[in-house]
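Report on the following structure.
The values are calculated or read from the model by the stated rules, or taken from the named source; none is laboratory data. Keep in mind it's a predicted model, so treat the numbers as computed, not measured. When we count neighbours, we look across all protein chains shown, and the Cβ atoms used for this are built from the backbone with ideal geometry, even at glycine.
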Amino acid sequence: MEQQTKICSKCGIEKPLSEFHSNKWHKDGHTTQCKKCVNGGMKLKRKTDPQFVLRDAARGKLWREKNYDYHIAYHRKYWHDHYISEKQNDKCLICGKSLPQIKTKYCSIECKKIGFAKNKRKRSGVPEYSDCKLCGKSFRPLQKTHFYCSYECLLKSRNVEEGKIQYIIEYKPKRKENARKQSERLDDSAIVKMIRHCIPELTSEKIYNNPDLIEAKRYSIKLKRISKQLKQKQNATS
């Protein structure tokens, strides 16, 4: 049986019907242009006509909203069939517990954090474990340039005196804590700078003459900090 062919209306080359998209509105049930010409024209249109890209995106978004349940079920099944069942046999990549039938690789938030940290190490080329150059102790480096297991070993490698090493280790955390407390006090000068950054038209004199504005800004910053702390606690408990 001879294979049916058709001439493309754009490139003029005779090709088999398998090289044409199906279209029920034509007599032979296929488009007049071949797949290669249609795809090339669509690519060119996407590059030259930004409105076409927006229309195409809006059309896809509308379809996903109308067929939301089908869309989610299809992607969950595809992810489960191709990425979970074959590679990890329905088990968490970290702890090995059984997984529910959803799009996930990890059973909990803790396992997810560990998995993300491992992937980050792989991407950046940081080894899982390394030996300290000074004492030989095994540790987990955070960057490629971490060669020592502790700050003390780093100072000893730089030939710092032992008395100074003890002083630096004891008082450096205290200095950081004091700096953090100073930043949390929210002095008027810092708040004035924030207000001027948001509203450049106001001068420093006008802001200082309006103490209510400074207090309102200080109150809003405190509210943001409190809400951030609450979110962190909720994420930790969940």
One residue from Lys97, Lys77, Lys45 being over 30 Å from Asn119 (Cα atoms), modelled with pLDDT of 75 or more and of a type in the set (D, E, K, R): Lys45
What are the residue pairs meeting all of these: first residue in the stretch 207-233, first residue assigned by TED's automatic domain parsing to the domain that holds Ile191, second residue not in a helix (DSSP H, G or I), Cβ atoms under 9 Å, and 6 or more apart or on different chains? Ile207/Ile199; Asn210/Leu202; Leu213/Leu202; Lys217/Leu186; Arg218/Leu186; Ile221/Leu186; Lys222/Leu186
Please work out which one of (1) at pLDDT below 80; (2) outside the structural domain of Leu93 (by TED's automatic domain parsing) is the condition Arg121 fails and give its number. (2)
